[in-house]
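The values are calculated or read from the model by the stated rules, or taken from the named source; none is laboratory data. All values reported here derive from a predicted model rather than from experimental measurement. Cβ atoms come from the backbone with ideal geometry, glycine included; neighbour counts cover every protein chain shown.
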Amino acid sequence: MKLLAGSYDNGAAIDDENAILASFQSRSQQVYQQVRVECNIPYGDSSREVFDWFYSTGEHKGTLVFLHGGYWQFCNKEDFAFIAETPLLLGFDVVLVEYTLAPAVNLEDICQQIGMALDTIELRAKSRGNKPVYLCGHSAGGHLAAYWQHHSCIQAVFPISGIFELEPLLNTYVNQQLQLTALQISALSPARNIPQQLKPMILFYGAAELPELIGQSLHYYKALKEKGLSVNLHAVTGANHFNVLDSLFATGGALSRQLIKQGDTSDAHSY
């Protein structure tokens, strides 16, 4: 299928972006205040090469690593702690990963940083027992999650409203800071680099998102299926690019249910 270039301006597609983001931030601050968390654990040398580790209460069932969006140039990990509330109650630690934003670094650098973060998380997860680690990312974070699905510590991958083919971004505002090269587009687009084997993966997106974003998930899904790989696709009814997170991570939400299912059926990961 041919992807639409479009605007990729998710904020312009809704009426209340500022209110939604403010709600994310206020609810996230409450989570930081209410649960046990270690903040700014370093995985590299620069100031943003850090992650926050939230500890679940009760029986520990695994770890969910979350990569935030913002087109690789906006947002901070602290804005998304609200997604941790339900996974923590279900027995999953949650790790919010930070990374350096463009234009201070390019997309290749950001991808390398996520790999370093996962290496460090893998070592720390051992001290929490031989439990599975799941990788989740939203928007630009969905791209990074798909890019790193093969990492040795990851047992399943849940990209949300991700970017899987980078070429349509070339003539959009997104690329003003990224300055993508042809080599980066080829090497860093998950849809162009289909693995021979795929970790269990579910692609989530909001049914009320921009056609460009929906098309990205459909395009990646088709590319994976054409290679005979097992992947699932889930559209969240009525959800836009932002409140899709609330829908998925709510008690009983599709991603929360998947965590329970994975925790019940997955063998302990052998490191």
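Taking segment 25-51 on its own, how many of its residues are farther than 15 Å from I114 by Cβ and either touching a Ser or Thr at 6+ places or on another chain (Cβ under 6 Å) or of a type in the set (D, E) (or both)?
2
Evaluate segment 71-91: report whether one residue or more is β-branched (V, I, T), closer than 30 Å to N18 by Cα and in a helix (DSSP H, G or I). Working first, answer last.
Of segment 71-91, the ones β-branched (V, I, T) are 83, 86.
Those still in the list that are closer than 30 Å to N18 by Cα too: 83, 86.
With the extra rule that they be in a helix (DSSP H, G or I), the set shrinks to 83, 86.
Yes.
Take the residues in segment 12-29 that are outside any loop (DSSP other than H, G, I, E, B) and surrounded by fewer than 13 Cβ atoms within 10 Å (Cβ to Cβ), then tell me which one is modelled with the highest pLDDT. Even if it seems obvious, please write down each step before you answer.
From segment 12-29, those outside any loop (DSSP other than H, G, I, E, B) are 12-13, 17-29; that's our starting set.
Now drop any that are not surrounded by fewer than 13 Cβ atoms within 10 Å (Cβ to Cβ), which leaves 12, 18-19, 22, 26.
Values: A12: 79, N18: 84, A19: 88, A22: 92, S26: 96.
Restricting to residues being outside any loop (DSSP other than H, G, I, E, B) and surrounded by fewer than 13 Cβ atoms within 10 Å (Cβ to Cβ), the top hit is S26.
Condition first: touching a Leu at 6+ places or on another chain (Cβ under 9 Å) and in a strand (DSSP E or B). Now tell me which residues in segment 40-68 satisfy that.
Start the filter on segment 40-68 by keeping residues that are touching a Leu at 6+ places or on another chain (Cβ under 9 Å), which leaves 43, 48, 51-58, 61-62, 64-68.
F51, D52, W53, F54, G62, L64, V65, F66, L67 - these are the residues of segment 40-68 that are touching a Leu at 6+ places or on another chain (Cβ under 9 Å) and in a strand (DSSP E or B).
Residue by residue, here is whether (1) surrounded by fewer than 19 Cβ atoms within 10 Å (Cβ to Cβ); (2) at negative phi; (3) touching a strand residue (DSSP E or B) at 6+ places or on another chain (Cβ under 8 Å) holds:
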| position | (1), (2), (3) |
| --- | --- |
| A187 | yes, yes, no |
| A208 | yes, yes, no |
| N232 | yes, yes, yes |
| Q258 | no, yes, yes |
